[in-house]
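The structure appears below as structure tokens.
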Amino acid sequence: MLPSPSAQTHPTFTLTAIEARVLATLMEKARTVPDSYPLSLNTLMLGCNQKSSREPTMNVTEAEIATALDTLMPLNLVRESSGSRVARYEHNFQRGVGVPEQSAVILGLLMLRGPQTAGELRLNAERWYRFADISSVEGFLEEMQDRSAAKGGPLVVKLPRTHGAREQRWAHLLCGPVDLDAAAGPISAGTTSTSGLAERVAHLEAELARLQQTVRTLCAELGVSQPGQDQ
């Protein structure tokens, strides 16, 4: 069972990055490859380390995954499946956290792919669950953001709008509070890139000056006026 709720502003448990990856991978494979689910330790490792649909990509070992499973099972988030010679694992996320299916899908995608807009979540959820429209995704996001302290507090947070972005992204809180300054990376990156932009402008100006000098030299050798001088 989950620990008793408290007046925190984040879930009553805090996952590590590896635990979140393990849990979200089980959630994904339950929907995308049901014929090979529950997953063995080796198959789970391959899923955690795959390069597509993962942000960030990871390279976790079986030992690290086994440690994560040992933490997730007492939290009632993962169960070991019986009836097989090889240990297999399945998630119990929806019941363990106490959220509807749609919210579980959104949280799984946020754990796997990092912060996303409501539109991106709807698109990425296609193989998991078909949301009718972006508004329905936003509705579940807002519901999770407004989750009461009695239920464990918010599960997601809306991030500050990044420079040039039309929509705000959302992040999960299952690994603890989000560093909003770090999450606004694109803004910082844009600010940092200003110096790089200035260097490019300076380079282009120097190149333009060289070309203008070449034109002046050619015009002098040919005995013609430089462009613009007769105006």
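Kindly rank 46-55, 26-35 from highest to lowest mean number of other beta carbons found within 10 Å of each residue.
Details: 46-55: 14.6, 26-35: 16.2.
Ranking, from highest mean packing down: 26-35, 46-55.
What's the ranking of 151-159, 36-44 by average number of surrounding C-beta atoms within 10 Å, highest first?
Result, highest mean Cβ count within 10 Å first: 151-159, 36-44.
Among the lysines, which fall within straight-line cross-link reach of K51, defined as a Cα-Cα distance under 20 Å, with same-chain neighbours fewer than 8 residues apart omitted?
Leaving aside lysines fewer than 8 places away in the same chain, those within reach of K51 are K29.
Tell me which residues come under 5 Å, amide H to amide H, from V78 once H is placed; ignore anything under 5 positions away on its chain.
Sorted by chain and number, the residues that satisfy this are M73, N92.
With θ set to phi - 60° and the Karplus curve 6.51 cos²θ - 1.76 cosθ + 1.60, what are the ³J(HN,Hα) couplings of segment 81-87 in order, to the nearest whole Hz, using x for Gly and Pro?
7, 9, x, 9, 5, 9, 4
Which of the peptides 80-87, 102-109 is most tightly packed, and how do the rest follow, judged by the mean count of other Cβ atoms within 10 Å per residue? Please report the intermediate quantities before stating the final value.
On the way: 80-87: 9.8, 102-109: 24.0.
Packing proxy ranking, top to bottom: 102-109, 80-87.
Along segment 162-179, what does the Karplus equation 6.51 cos²θ - 1.76 cosθ + 1.60 (θ = phi - 60°) give for ³J(HN,Hα), rounded to whole Hz, x for Gly and Pro?
Values, residue by residue: 7, 4, x, 8, 7, 10, 8, 8, 10, 10, 7, 10, 5, 9, x, x, 8, 6 Hz.
Only the coordinates and a few stated rules stand behind these numbers; no lab work does. Given the structure is predicted, the values throughout are model-derived calculations rather than measurements. Every residue, glycine among them, receives a Cβ derived from its backbone with ideal geometry; neighbour counts consider all protein chains shown.
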